[in-house]
Amino acid sequence: MWQKSSFSGEGPQCVEIAEHNGDILMRESDDPNTVTTTSRDKFAAFIAGVKAGEFDHFTN
């Protein structure tokens, strides 16, 4: 089952996340046929980097 952040609201441009057979699947809600797959470990490392501010420069 796909999940999106509660911060996304109801807009058409949301990142959605799902779990399947131990992998993490990601897609954009406005392009649901394009899915990226990664491992739980890599996804956890990405989330840790986001929380640490490693990607903040992409938002400026």
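Quick check on Asp30: is it under 14 Å from the mean Cα position of the chain (by Cα) and either of a type in the set (Lys, Arg) or on the phi < 0 side of the Ramachandran plot (or both)?
On the way: under 14 Å from the mean Cα position of the chain (by Cα): yes; either of a type in the set (Lys, Arg) or on the phi < 0 side of the Ramachandran plot (or both): yes.
So Asp30 passes the test.
Take segment 2-60 and flag every residue that is among the basic types (Lys, Arg) and open to solvent by less than 90 Å² (accessible area, probe 1.4 Å). Break it down into steps so the answer makes sense when it comes.
Of the residues in segment 2-60, the ones among the basic types (Lys, Arg) are 4, 27, 40, 42, 51.
Within segment 2-60, Lys4, Arg27 meet the criteria.
Among the residues that make up segment 34-42, is at least one of them farther than 18 Å from Trp2 by Cα, not in a strand (DSSP E or B) and not hydrophobic (A, V, I, L, M, F, W, C)?
To start, the set of residues in segment 34-42 that are farther than 18 Å from Trp2 by Cα comprises 41-42.
Filter once more, so that each one left must be not in a strand (DSSP E or B): 41-42.
Of the ones still in play, those that are also not hydrophobic (A, V, I, L, M, F, W, C) are 41-42.
Yes, segment 34-42 has at least one match.
The values are calculated or read from the model by the stated rules, or taken from the named source; none is laboratory data. Keep in mind it's a predicted model, so treat the numbers as computed, not measured. Just so you know, the surface numbers come from the protein's heavy atoms only, side chains and all, with ligands and any DNA or RNA stripped out. Shrake-Rupley method; radii C 1.70, N 1.55, O 1.52, S 1.80 Å.
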